[in-house]
There are 2 protein chains.
Amino acid sequence: MKDRKTVILEAAARVIACRGVRGLRVEEVAAEARVSKALVYYHFKDRAGLLRRTLRFVGDRAERYTRGGGPGDAAPRGPGPGDLAPGARVPGDPLRELERRLLLEFQDLPEVRENSTAWGELRASAVFEPELREELARAGREWVREIADLLGPVGPAVPDAALVSAAERLTVLVEGLSTRWLVGLLPAGHAAELLRGAVAAEAEGLRRAAVRTACPAA
Amino acid sequence: MKDRKTVILEAAARVIACRGVRGLRVEEVAAEARVSKALVYYHFKDRAGLLRRTLRFVGDRAERYTRGGGPGDAAPRGPGPGDLAPGARVPGDPLRELERRLLLEFQDLPEVRENSTAWGELRASAVFEPELREELARAGREWVREIADLLGPVGPAVPDAALVSAAERLTVLVEGLSTRWLVGLLPAGHAAELLRGAVAAEAEGLRRAAVRTACPAA
């Protein structure tokens, strides 16, 4: 059985994906979770604490379905939706594995849409809710590190700063494409195509950086 | 003297940048503009009409300060803030001109911060306000076309679809970097560096695409 903390966090993510963070009241989340307001305060102290923990919860869920291969699924799963998300890990080819993980953000499944909508809304809310920024920065750093590590094997002796910059660009791009996809401004197939193009361009840039690093300046 | 429609739109942008779109009431905008609610309804029909026109207004302002060189300034201006925004147009070098325009989104000026905050918030709100999507799509297409045209001279005979894809990625990236910069997650100098890297990577990719287009398949 799920513990009640998880039930509250799931409810918070759902409410945020449906109605947004601005003006969100703890009562609404308690009602959605079918628990008392007091229990929400007991577990999360206040509204800011609830929002911060929801951000982390949503981030962890995204990590699960982009690493494992499917929402709520820690193991690789069968063929993904269309050409978007090949199901099997690609352990021998880090660049394909990177593409696969990033493309899993565009799975047209209700859980993924809800999770990404909540994430986008929490991220956008950081303008008005400063207490979200630290958690957002932490999640961003972790994601960038993960992507930078997958980019590492692309070229020998690529400086880490170049890997991190490429990873920062790719994560910003994925978030932006995801937001546009969620509101129907961009079909998932086109988002996938744009993302593949970016991965190819960054990989090529890193290979050139490796060559420049290896050669003494003229 | 400014007409009252402009005064209302300026007030709407200010209120949205400060408090967000969710829960925004027409009364707040009227109060901020020091006009009657009736006048707002007279000019914009309803809340949705006001939001749509504000989105366009904010987009037009951004176009003015990224094209001209400074907020509210149609003519090129003097040296920009630090290394971010060289003031003079670079007509002979389209890639530098492209960089310059994109970097002008990161000018640390109150008008630019307010305008970008309002834009980011209106964009994020499209998840909950479907009536914003058409205007958002239109503005997006125009911006992408402008950037694609600046990318055109990078290589001869680059297919237009490749230019448009590169432009789509760059605009998504600029928006995402701008959002992170506005909430203090990313220093402007680092955003500029990431953006320059992306412009270089895309330009290189387009040059290679041009070569592939020019050569018959093996």
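The values are calculated or read from the model by the stated rules, or taken from the named source; none is laboratory data. As the structure is a computational prediction, the values presented were derived from the model and not from experiment. In this analysis, Cβ positions are derived from the backbone assuming ideal geometry, glycine residues included, and neighbour counts consider all displayed protein chains. The accessibility values were calculated without ligands, DNA or RNA, using every heavy atom of the protein model including side chains. Shrake-Rupley method; radii C 1.70, N 1.55, O 1.52, S 1.80 Å.
Observations on the structure shown:
- Every pair of residues 6+ apart whose Cβ atoms lie under 7 Å, when the first sits in region B:10-39 and is over 15 Å from B:ARG52 (Cβ atoms) while the second is open to solvent by 40 Å² or more (accessible area, probe 1.4 Å) and among the polar types (S, T, N, Q): B:ALA30/B:SER36
- Here region B:42-66 is the region considered, the condition is being in contact (Cβ under 8 Å) with a residue 60 or more places away in the chain and basic (Lys, Arg), and the residue that is surrounded by the fewest Cβ atoms within 10 Å (Cβ to Cβ) is B:ARG56.
- Looking only at region A:183-192, residues that are facing chain B (nearest Cβ under 7 Å) and open to solvent by 30 Å² or more (accessible area, probe 1.4 Å) come to 2 in all.
- Of all the listed residues (A:ARG22, A:ARG47, A:ARG14), the sole one being in contact with a Lys or Arg (Cβ under 7 Å, 6 or more places away or on another chain) and among the basic types (Lys, Arg) is A:ARG22.
- Within the set B:ARG53, B:ARG19, B:ARG47, the sole residue that is within 14 Å of chain A (Cβ to nearest Cβ) and not small (Gly, Ala, Ser) turns out to be B:ARG19.
- All positions within region A:1-29 that are surrounded by 20 or more Cβ atoms within 10 Å (Cβ to Cβ) and over 26 Å from the mean Cα position of the chain (by Cα): none
- Criterion violated by B:VAL144 - all others in (1) among the β-branched types (Val, Ile, Thr); (2) within 23 Å of A:ARG207 (Cα to Cα); (3) at pLDDT 95 or above satisfied: (2)
- Pairs, first facing another protein chain (nearest Cβ under 9 Å) in region B:130-141, second open to solvent by 70 Å² or more (accessible area, probe 1.4 Å), C-beta under 8 Å, six or more apart: B:LEU132/B:ARG52
- Filter result for A:ALA148 (part of a helix (DSSP H, G or I), open to solvent by less than 20 Å² (accessible area, probe 1.4 Å) and either more than 30 Å from B:ALA137 (Cα to Cα) or not assigned by TED's automatic domain parsing to the domain that holds A:ALA210 (or both)): yes
- Per-region count, region A:153-182, residues at the interface with chain B (Cβ under 7 Å from one of its Cβ atoms) and open to solvent by less than 10 Å² (accessible area, probe 1.4 Å): 3
- Test: residue in region B:130-143 that is closer than 14 Å to B:LEU102 by Cβ, in contact with a helix residue (DSSP H, G or I) (Cβ under 6 Å, 6 or more places away or on another chain) and assigned by TED's automatic domain parsing to the domain that holds B:ASN115: yes
- Test: residue in region A:42-55 that is modelled with pLDDT of 95 or more and within 23 Å of B:VAL172 (Cα to Cα): yes
- When the helices (runs of 4 or more DSSP H) confined to region A:1-63 are screened for residues that are of a type in the set (Gly, Ala, Ser), those reaching at least 3 such residues are found at A:4-19, A:26-33.
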